[in-house]
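Here's the structure we're looking at; comments come further down.
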Amino acid sequence: MTERLHVGTRKGLFEIVRRNDGWDIAEVRFLGDPVTAVLADGNNIYAGLDLGHFGAKLWRREGSNEWQELPAPAFPPKPEDADDDPHPWSLGKIWGIEPGGVPGRLWIGTMPGGLFRSDDGGESWALNEALWRRPERKKWMGVAGGEQPGISNVLVDPRNPADIRLGVSTAGVWASTDTGMTWDLINQGMYNEYMPPEHAGDPIAQDVHCLARCAADPASMWCQHHNGVFRSEDRGATWHEVTAIRPSKFGFAVVAHPRDAGTAWFVPAVKDERRVPADGAVVVARTRDGGESFEVLRQGLPQRHAYDLVWRHGLAVDDSGECLALGSTSGGLWISEDGGDSWATLDARLPPISVVRFAAA
Amino acid sequence: MPTVAFTSALQRFMPVPPTSVEGATVRAALNVVFASRPALRGYVLDDQGVLRRHVNVFINGELVRDRVHLSDAVARDDEIYVFQALTGG
């Protein structure tokens, strides 16, 4: 089981460690700065910051060394033939930092929808032009009423680093089987209720809030979509709705069990107009049978007048599948060491949490 | 030579003392500073070299007109200030 958790918040990065008497904050870094993405990759930790006035930044800590700023991913000069591009050619936000499956390789998903790759541990970055130059990208829609679409998930098959799936808000599921040389929009079977009826089923119109992929069985994927929960057993090509989810089908986060393809966790909320937990109670929904049924897990989570929302990256599972972390927009942090059956509250009032990420065991 | 000074908000991320530089335009003057401190460029300009939306540049207290090309002329004794536009909470 893992011993260390990284928590990115609106006001800094918190390192939480497991002690004999429970989990506690061991270190605070970037206090005051919004942290939008975190990755613990081997001995390295990466943090994406959104400094607002001064742009998105990337930092790395190697082992026990001091944190060091790295060059942030940057878009190439915008060519004249791109005048009709509705999205800026400038980094808006680092939304996901993911390991690439080979030493030194990392992927970064961003707003406004650029995918970047590094092969030197983050020292330098190149825009994936194959995806960025796809004409369909101009149809990508902004996140949460904002102007910029975003790549929220970059999921690399642990056994085949050439096989990548992207979750895009809002543009469906994109796939590459050649390390990003070519891309295809692959998702069939989802629907988007807030689109005009004739476009509700368009693959590119799907509001994929979060994608998850079973590490041991990468064909098994889960999607927390704006309109509900979907499941794919063919690497994201075809999806069917998981209607057994409860207490509600809206939400942002999903994580997949690293070994058991039938197990996944969600954090349901009341959709659209309110975006709060159902009945003011924070719950986690767990399926262990591929979405046929769900248990609603409440033990240790606030059940009265709790209005904590959990964003896309606010739920994490460790490599064992036993340890989970849940971080909310109200700064609540809960950790489970028994697969979600019970949760312990961190005794702190953190800033709004955008991302929780376990270190490797 | 014109002087370039930066908001104290930037000093939190890196030391940027006032500097006297050669340059006939805002762009040219800033480029001299960025050449000696490459990481600073991304704090002031976006990926296309345009002034970030929440950063302002003044010449002797007057807001520059050209935020895209930074072509406003600067004279030998001018003072260029790079400020943040305060927002957020």
| query | Residue check: is A:Asp217 among the acidic types (Asp, Glu), within 17 Å of the chain's Cα centre (by Cα) and surrounded by fewer than 24 Cβ atoms within 10 Å (Cβ to Cβ)? | reply | no
| query | Here are B:Val16, B:Val68, B:Val50: which of them is within 14 Å of chain A (Cβ to nearest Cβ), open to solvent by less than 50 Å² (accessible area, probe 1.4 Å) and under 21 Å from A:Gly92 (Cα atoms)? | reply | B:Val50
| message | Of everything in the range A:278-307, what is open to solvent by 10 Å² or more (accessible area, probe 1.4 Å) and either within 12 Å of A:Gly251 (Cα to Cα) or assigned to a strand (DSSP E or B) (or both)? Give them in sequence order. | response | A:Ala278, A:Glu295, A:Val296, A:Leu297
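Of the residues that make up the range B:74-83, is at least one open to solvent by 40 Å² or more (accessible area, probe 1.4 Å), within 14 Å of chain A (Cβ to nearest Cβ) and at positive phi?
If we filter the range B:74-83 for residues that are open to solvent by 40 Å² or more (accessible area, probe 1.4 Å), which is where we start, we get B:75-77, B:79, B:81, B:83.
Still in the list and also within 14 Å of chain A (Cβ to nearest Cβ): B:83.
Filter once more, keeping what is at positive phi: none.
So far as the range B:74-83 goes, no, none of its residues is open to solvent by 40 Å² or more (accessible area, probe 1.4 Å), within 14 Å of chain A (Cβ to nearest Cβ) and at positive phi.
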| task | Answer yes or no: is there a residue in the range A:118-135 that is in contact with a Leu (Cβ under 7 Å, 6 or more places away or on another chain) and hydroxyl-bearing (Ser, Thr, Tyr). | result | yes
| field | Members of the range A:313-341 that are among the small types (Gly, Ala, Ser), open to solvent by less than 30 Å² (accessible area, probe 1.4 Å) and under 27 Å from A:Gly150 (Cβ atoms) | value | A:Gly314, A:Ala316, A:Ala325, A:Gly327, A:Ser328, A:Gly331, A:Gly332
| A:Ala344 vs. criteria farther than 23 Å from A:Met221 by Cα, of a type outside the set (Ser, Thr, Tyr), in contact with a strand residue (DSSP E or B) (Cβ under 7 Å, 6 or more places away or on another chain) and open to solvent by 30 Å² or more (accessible area, probe 1.4 Å) | yes
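Restricting to the range A:24-80, name every residue that is away from every other protein chain (no Cβ under 13 Å), over 25 Å from A:Ser336 (Cα atoms) and more than 18 Å from the chain's Cα centre (by Cα). It would help to see each step written out before you state the result.
To start, the set of residues in the range A:24-80 that are away from every other protein chain (no Cβ under 13 Å) comprises A:24-29, A:35-48, A:60-66.
Add one more test, that the residue is over 25 Å from A:Ser336 (Cα atoms), and what stays is A:48, A:60-66.
Selection gives A:Arg60, A:Arg61, A:Glu62, A:Gly63, A:Ser64, A:Asn65, A:Glu66.
Scanning the range B:53-65 for residues that are in a loop (DSSP other than H, G, I, E, B) and open to solvent by 70 Å² or more (accessible area, probe 1.4 Å), which turns out farthest from the other protein chains (Cβ to nearest Cβ)?
Kept after step one, since they are in a loop (DSSP other than H, G, I, E, B), are these residues of the range B:53-65: B:53-54, B:60-61, B:64-65.
Checking the rest, the ones that are also open to solvent by 70 Å² or more (accessible area, probe 1.4 Å) come to B:53, B:60, B:65.
Working: B:Arg53: 8, B:Asn60: 22, B:Arg65: 20 Å.
It comes out as B:Asn60.
Are any residues in the range A:51-73 surrounded by 22 or more Cβ atoms within 10 Å (Cβ to Cβ) and either closer than 23 Å to A:Pro158 by Cβ or in contact (Cβ under 8 Å) with a residue 40 or more places away in the chain (or both), and if so, which ones? Spell out how you get there, then give the answer.
From the range A:51-73, those surrounded by 22 or more Cβ atoms within 10 Å (Cβ to Cβ) are A:54-58, A:72-73; that's our starting set.
If the condition is that a residue be surrounded by 22 or more Cβ atoms within 10 Å (Cβ to Cβ) and either closer than 23 Å to A:Pro158 by Cβ or in contact (Cβ under 8 Å) with a residue 40 or more places away in the chain (or both), then A:Ala56, A:Leu58, A:Ala72, A:Pro73 are the ones that fit.
The values are calculated or read from the model by the stated rules, or taken from the named source; none is laboratory data. From a predicted model like this one, the values you see are computed outputs, not experimental measurements. Virtual Cβ from ideal backbone geometry, glycine too; neighbours counted across all protein chains shown. Remember, those area values only see protein heavy atoms, side chains included, never the ligands or the DNA or RNA. Shrake-Rupley method; radii C 1.70, N 1.55, O 1.52, S 1.80 Å.
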